[in-house]
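Single-structure report; data block below.
The values are calculated or read from the model by the stated rules, or taken from the named source; none is laboratory data. As the structure is a prediction and not an experimental result, all values here were calculated from the model. FYI the Cβ positions are ideal-geometry reconstructions off the backbone, even for glycines, and counts take in every protein chain you see.
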Amino acid sequence: MADALDTGAAPPRRALVTGAAQGIGRAIVAALLDAGHRVALLDRDLDGARASAAALDPGASRTLALGADVREPAQVDAALAELEAAWGLPDVLVNNAARSAGGRVLEIPLDEWDDVLATNLRSCLQCCQRCAPAMRQAGWGRIVNIASIAGQQGGVANGAHYAASKAGMIVLTKILARELAPDGVTVNAVAPAAIRTPALEALGPERVAEIADAIPVGRVGSAAEVAAAVAYLCSPEAGFVTGATIDVNGGLSMR
Ligand SMILES: NC(=O)c1ccc[n+]([C@@H]2O[C@H](COP(=O)([O-])OP(=O)(O)OC[C@H]3O[C@@H](n4cnc5c(N)ncnc54)[C@H](O)[C@@H]3O)[C@@H](O)[C@H]2O)c1
């Protein structure tokens, strides 16, 4: 058989992006819309999700804004039920919603640990559990988990709870990728570092300049650069890439 891309059938896709109201999530929505997908934007900031949807899809024909706090399983279930009723469950899922948190290990409050893990990691598990069975049944699906350099080598700006949640996403990605590989569903992670978003800007211009100085390419990254990697992983052409973690970090860490 001649070498060929195993693209499978490529009907219009339904994507779900969590944490889509701003920053990297919003850029991922834009990239997936560009790639021809319909995109549901889930965020606890429903007004922000609606505003991003309206800006990126002025006709409102290819976006759907969903309000849910991903720490609350019942809210996620309700949002997914709303999506299922409107479009059907997604065949492309991007787990992007997260909170950051700093502090020294010995001083992390246990409730803050739980909150970070629930926001960043348990929500990823819940969305995968809820969405993957339909992908599996359809014989095609794409899951992309937005991890972080912190999950690979520990964070500098963030604490151990954030880093542990992101390391957990990377391992969850590999194990789920193996489980779903026979069914045409790929599961990958993207590990950004120092991307210019509201979360990074909150560190202040001096700290952002210091961070840029430490990066081999000499600047921080853009949300669009992360989104381009995500769009590739969600594409039909990425069917032979699974269980991978793609670094988008300006060379800050090389493996
Ligand atoms: N910006 C960076 O430099 C950087 C680096 C590495 C990894 N990341 C990862 O990229 C992703 C996006 O980061 P960002 O910089 O765009 O963040 P951001 O804070 O700008 O945006 C996060 C979005 O998630 C939403 N969100 C947060 N908690 C939520 C909750 N409990 N329920 C529902 N929605 C919630 C927020 O409302 C917001 O719209 C995150 O997973 C983050 O860990 C970012």
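In the stretch 168-183, is there at least one residue being more than 10 Å from the ligand (Cβ to nearest atom) and on the phi > 0 side of the Ramachandran plot?
No: zero hits.
Restricting to the stretch 215-228, name every residue that is crowded, with 22+ Cβ neighbours inside 10 Å and under 19 Å from Gly36 (Cβ atoms).
Scanning the stretch 215-228 gives a single hit, Ala227.
Scanning for something in a helix (DSSP H, G or I) and either more than 21 Å from Ala238 (Cα to Cα) or at pLDDT 95 or above (or both), does the stretch 17-24 turn up at least one residue?
Yes; the residues of the stretch 17-24 include at least one that is in a helix (DSSP H, G or I) and either more than 21 Å from Ala238 (Cα to Cα) or at pLDDT 95 or above (or both).
Condition test on Ala60, is it aliphatic (A, V, I, L, M), out of contact with any Leu (no Cβ under 9 Å at 6 or more places or on another chain) and more than 19 Å from Ile24 (Cα to Cα)? Step through it out loud before you land on a result.
Details: aliphatic (A, V, I, L, M): yes; out of contact with any Leu (no Cβ under 9 Å at 6 or more places or on another chain): yes; more than 19 Å from Ile24 (Cα to Cα): yes.
It is true that Ala60 is aliphatic (A, V, I, L, M), out of contact with any Leu (no Cβ under 9 Å at 6 or more places or on another chain) and more than 19 Å from Ile24 (Cα to Cα).
On the basis of being crowded, with 16+ Cβ neighbours inside 10 Å, small (Gly, Ala, Ser) and closer than 19 Å to Val17 by Cα, does Ala212 make the cut? Outline the logic, then answer.
Numbers: crowded, with 16+ Cβ neighbours inside 10 Å: yes; small (Gly, Ala, Ser): yes; closer than 19 Å to Val17 by Cα: no.
The answer is no for Ala212.
Condition first: more than 21 Å from Thr197 (Cα to Cα) and within 15 Å of the ligand (Cβ to nearest atom). Now tell me which residues in the stretch 101-112 satisfy that.
Selection gives Asp111, Glu112.
Among the candidates Ala118, Ala65, Ala98, which residue alone is crowded, with 18+ Cβ neighbours inside 10 Å, in contact (Cβ under 8 Å) with a residue 12 or more places away in the chain and more than 10 Å from the ligand (Cβ to nearest atom)? Reasoning before the result, please.
Working: Ala118 fails: more than 10 Å from the ligand (Cβ to nearest atom); Ala98 fails: more than 10 Å from the ligand (Cβ to nearest atom).
Unique residue meeting the criteria: Ala65.
Return the pair list, or none, for Cβ contacts closer than 7 Å from residues in the stretch 196-212 that are under 11 Å from Ala223 (Cα atoms) to residues that are more than 9 Å from the ligand (Cβ to nearest atom) and not in a helix (DSSP H, G or I), at least 6 apart or on different chains.
If the second residue must be more than 9 Å from the ligand (Cβ to nearest atom) and not in a helix (DSSP H, G or I), the pairs left are Arg196/Ser222.
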